[in-house]
Amino acid sequence: MYPLSFNKLNIIFLNHIDVVPAENCEQFTYPPFSGTIANGQVWGRGAIDSKGMAVMQLLANDPNKKVFTISTTFKRSLWLKLTHSMNTSGHGSVPSKKYVAQGKVRLLYKIVRWNRKVVFSKTTRDMFRELGRLEGGMRGVMLRNLGLFRPLAVRAMRKDEVIYSLIINTITITGIQTPPGPPNFIPQVYMI
């Protein structure tokens with residue numbers, strides 16, 4: 001890398017490479033920072049958390065090759081605080097037919113299953129167009145012409161969660177707060 005005062009071209013790799021600390025390491029199938037390869041997968045803390053782009057950039061030393069990345073600024077966190085209440089009572093071993101935690105689970109299921117709009121941003125269109133040039137054949141034609149083959153392309157992309165996450169805003173439930181009380185108590189109010 002040259003100092004900017006040299007007026008020479010520099011390549012800057014900007015990636016998401018942080019890793020959340022591992023707690024309760026004894027509960028991991030493989031040591032969290034081992035990078036163990038098993039069943040055709042790399043096992044380790046942060047192994048599937050957007051690290052592939054950093055490796056691709058390091059290996060793409062040919063200045064004639066284009067490297068694309070999707071900025072995390074395209075995605076946003078959505079924090080929901082939902083309160084669900086129902087007049088029920090009882091014990092976990094004899095629940096009523098409808099109870100508040102059951103309603104919470106149904107609501108969360110609807111949120112996760114929500115069919116989000118597919119968006120091909122300029123960056124993803126450019127990336128797929130380049131991939132289409134490399135791929136060739138009918139698949140390459142489809143990737144280069146997403147506008148013409150949108151229904152077929154989207155159907156195929158839905159099958160791969162990594163590719164699909166490039167064209168939709170993903171929804172993932174990362175935390176649920178349980179109301180205080182004994183584990184067999186059926187509450188009347190449940191906050192999410």
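The values are calculated or read from the model by the stated rules, or taken from the named source; none is laboratory data. Treat the numbers as computed from the prediction; the structure is a model and nothing was measured. Cβ coordinates were reconstructed from backbone atoms using ideal geometry, including for glycine residues, and neighbour counts include every protein chain displayed.
This table checks each residue for (1) surrounded by fewer than 10 Cβ atoms within 10 Å (Cβ to Cβ); (2) within 20 Å of the chain's Cα centre (by Cα); (3) at pLDDT 70 or above.
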residue	(1), (2), (3)
ILE12	yes, no, no
HIS16	no, yes, no
ASN24	yes, no, yes
PRO31	no, no, yes
GLY35	no, no, yes
VAL42	no, yes, yes
ARG45	no, yes, yes
ILE48	no, yes, no
Sort out which residues of the range 88-132 are touching a helix residue (DSSP H, G or I) at 6+ places or on another chain (Cβ under 7 Å) and modelled with pLDDT of 85 or more, and write them in order of number.
-> VAL118, PHE128, ARG129, GLY132
Considering every residue within the range 122-142, establish whether at least one is among the β-branched types (Val, Ile, Thr), closer than 18 Å to ILE168 by Cβ and surrounded by 10 or more Cβ atoms within 10 Å (Cβ to Cβ).
-> yes
Only one of LYS81, LYS104, LYS110 is within 30 Å of PRO187 (Cβ to Cβ), under 25 Å from the mean Cα position of the chain (by Cα), assigned to a loop (DSSP other than H, G, I, E, B) and not aromatic (Phe, Trp, Tyr); which?
-> LYS81
